[in-house]
Amino acid sequence: MTMNHDADLLQDLPAVTEAELAVLRDRLAERADAEGVLDVAYRTLDTPVGTLLLAATGAGLVRVAYPVEGHDQVLQALAARVSPRILNAPRRLDPAAREIDEYFAGQRRTFDLPLDYRLATGFRRKVLSYLPVIGYGDTASYATVAAAVGSPRAFRAVGTACATNPLPVVLPCHRVIKSGGDLGRYRGGPAAKRLLLDLEAA
Amino acid sequence: MTTSRSAGPGRLPHVTPKTPFEAVVAEHGATVLRVCRAVLGPADADDAWSETFLAALKAYPRLPADANVEAWLVTIAHRKAIDVTRAAARRAVPVADVPEPPAAGPADGRDIDLAGALAALPRRQREAVAYHYLAGLPYQDVAAITGGSTDAARRAAADGIARLRKTYPGVVIPDGENS
């Protein structure tokens, strides 16, 4: 087939390098953001609990994801639930990355970031909004949180809200544990929950 | 009831989820840049690439899930390349002394620079070669993008390749001319 032969001829054209593409991709992300068409910006961040995926809409940080969740699946879910206009665009995540870095360095106890709660609705959102009330280094039981949000019998729903927290670490669901002291479930796995609590106890 | 599991807000059945646009850039970015370079030359290709992907990002949510993404991107790139060419023509200032064209290469008239040889083709041939051979689009799609018939697109690509073979020696080094 001559097509392959003729296409081979064009192999001699100068190659497109990764570095050239990286420059163009950065420029695209910047322009998309400036023109208001970058619905979701994301980056990854290396931390003691693994490489976290951070994603933000124009309204604020919308998702923090652990490696066990599968970053590709998380981005795919964001495409379906928020918008497919998603780019790797670290700049929008600079403040979040800085604060999370400071937190893991033991230099930060509360987060001061605009948050987009759109991935949690109803009761789950109510629970998530309450979490920052549990201070750094403290813990609360599922039952305590249920009572605090006005539904004392809803401790299982509190557990679900924590297990599906779209903003772990930043919204401290790791501080919610079982009444007997058992750590309970965690989106990032039990080891990550232990590490966060130990960090805060230090 | 706050304790019951929420049914979820209007879950849509059978909607093929669209991949994040980042994946589209990762998959097609290099090919679209090669196409832009082939059609416009390296100087204007970056602009055309940027305009193409910005326009694509804007329109992406409305793209049908079963669309051929590469053909869609090349269609946008074709229009953006025309825009870039027009803008360059508007900017061009007439000069009194027209500079000599770059040296034509070896004395046998062959052009050792394939990109240069490609740039010397008529635009229609350049487009047909780029869209068919670099982007891998069938001639029917090439014709839909450039206008004209499928046969005309096939001829333009064939003529372009034939001309390139004449002007660009490729890997064939003529005997006894390695001085």
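The values are calculated or read from the model by the stated rules, or taken from the named source; none is laboratory data. Computed from a predicted model, the values in this text were never measured in an experiment. Every residue, glycine among them, receives a Cβ derived from its backbone with ideal geometry; neighbour counts consider all protein chains shown.
Report those helices (runs of 4 or more DSSP H) wholly inside segment A:36-138 carrying at least 1 residues which are more than 14 Å from the chain's Cα centre (by Cα), of a type in the set (A, V, I, L, M) and crowded, with 19+ Cβ neighbours inside 10 Å.
Answer list for segment A:36-138: A:71-81, A:122-130.
From the residues in segment A:120-134 that are free of Cβ contacts under 8 Å to residues at least 24 places away in the same chain and under 12 Å from residue A:175 (Cα atoms), which one is nearest to the other protein chains (Cβ to nearest Cβ)?
Here the residue is A:130.
Give A:54, A:38 a once-over and let me know the one that is in contact with a Lys or Arg (Cβ under 7 Å, 6 or more places away or on another chain), more than 10 Å from chain B (Cβ to nearest Cβ) and not acidic (Asp, Glu).
A:54
Under 8 Å between Cβ atoms, at least 6 apart or on separate chains: pull out the pairs that start in segment A:68-87 with a residue that is farther than 17 Å from residue A:188 by Cβ and modelled with pLDDT of 95 or more and end on any residue that is part of a helix (DSSP H, G or I) and among the hydroxyl-bearing types (Ser, Thr, Tyr).
From segment A:68-87, the pairs are A:84/B:60; A:85/B:60.
Could you check residue A:26 against (1) within 11 Å of chain B (Cβ to nearest Cβ); (2) buried (at least 18 other Cβ atoms within 10 Å of the Cβ) and say which number it fails?
(2)
Of everything in segment A:161-185 that's of a type in the set (S, T, N, Q) and surrounded by fewer than 17 Cβ atoms within 10 Å (Cβ to Cβ), which residue is farthest from residue A:97 (Cα to Cα)?
A:179
Would you tally the residues in segment B:42-72 being under 11 Å from the mean Cα position of the chain (by Cα) and within 13 Å of chain A (Cβ to nearest Cβ)?
4
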